[in-house]
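For reference, the structure discussed in these notes is given below.
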Amino acid sequence: MLDFLYQSGWGAFTIMLLLQIPFVIVFLSIVYKKAFVDSAPSATHPKKFSRVEVTWLAFAGAVFLLVNILSISYMPMVSTAHAAKSGQAIQEVDVTARSWSYDISERTIEAGVPVRFSAKSADTMHSFSVYHPDGRVLFTMQLLPGLKQAASTIYTFTEPGRYTVRCLEYCGIVHHGMRDELVVVDARG
Ligand SMILES: [Cu+2]
């Protein structure tokens, strides 16, 4: 069930639809109420904050903070800084994107070894986006043309497999065909 949700376009579409249903229900019920049940202006007291509102606001604020704090280490710049500081050997991979293919200096990568992807674009805006074999996007780098310094990120693959590379910035008529592959191999094997 969960596999279906993130491995197919229909899964993403279903989730999007489900997320929107509560909003649509609330919206339509308010429209209905103000049109047919009670069309007078709403009686609000801007200076009074009810207990329910304060509780709700505190709850939403706490969830917001918690989610942000817990996910900090997953942010690419933070995990990149950690990997760079760890002193571990880093595998270097250079990427040049052009319409509509990639030059990748090394497509075979060892699992468990941090890889620094240094990527640039030779012509127009592209991206270097890496997908897990099960279809999840692991990270994406936006590649702007004309920059002196390559964009770079460090990522450590943990599972062997075939990882698809795709461009996620619309870059012209064969944008959909702009894909490549990285093969992650078990370091011991
Ligand atoms: Cu593209």
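The values are calculated or read from the model by the stated rules, or taken from the named source; none is laboratory data. Predicted model only: the values in this text are computed from it and were never measured. Because the Cβ atoms are built from the backbone with ideal geometry, glycine has one as well, and the counts that use them run over all protein chains shown. Quick note on the areas: whole protein, heavy atoms, side chains included, nothing else; ligands and nucleic acids left out. Shrake-Rupley method; radii C 1.70, N 1.55, O 1.52, S 1.80 Å.
Miscellaneous remarks
- Unique match (being within 13 Å of the ligand (Cβ to nearest atom) and within 30 Å of TRP10 (Cα to Cα)) among SER121, SER127: SER127
- Conditions (1) at pLDDT 85 or above; (2) touching a Pro at 6+ places or on another chain (Cβ under 9 Å): number failed by ALA84: (1)
Yes/no per residue for (1) over 20 Å from MET77 (Cβ atoms); (2) open to solvent by 30 Å² or more (accessible area, probe 1.4 Å); (3) out of contact with any His (no Cβ under 7 Å at 6 or more places or on another chain):
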position: PHE117; (1), (2), (3): no, no, yes
position: MET125; (1), (2), (3): yes, yes, yes
position: MET141; (1), (2), (3): no, no, yes
position: ILE154; (1), (2), (3): no, no, yes
position: PRO160; (1), (2), (3): yes, yes, yes
position: CYS171; (1), (2), (3): yes, no, no
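- Hits in region 1-24 (condition: in a helix (DSSP H, G or I), at pLDDT below 85 and open to solvent by less than 80 Å² (accessible area, probe 1.4 Å)): LEU5, GLY9, GLY11, ALA12, THR14, ILE15
- Among the residues making up region 112-137, those that are modelled with pLDDT under 90 and either more than 21 Å from the chain's Cα centre (by Cα) or small (Gly, Ala, Ser) (or both) are GLY112, VAL113, GLY135.
- LYS148 over 23 Å from GLU181 (Cα atoms) and open to solvent by 40 Å² or more (accessible area, probe 1.4 Å): yes
- In region 173-189, the residues that are open to solvent by less than 50 Å² (accessible area, probe 1.4 Å) and within 11 Å of the ligand (Cβ to nearest atom): HIS175, GLY177, MET178
- The set of residues in region 85-118 that are within 16 Å of the ligand (Cβ to nearest atom), among the small types (Gly, Ala, Ser) and closer than 16 Å to SER152 by Cα contains only ALA97.
- Residues in region 160-172 that are more than 10 Å from the ligand (Cβ to nearest atom) and either closer than 9 Å to HIS132 by Cα or of a type in the set (A, V, I, L, M) (or both): GLY161, ARG162, TYR163, THR164, VAL165.
- Filtering region 98-110 for residues that are touching a helix residue (DSSP H, G or I) at 6+ places or on another chain (Cβ under 8 Å), surrounded by 10 or more Cβ atoms within 10 Å (Cβ to Cβ) and not polar (S, T, N, Q) leaves a non-empty set.
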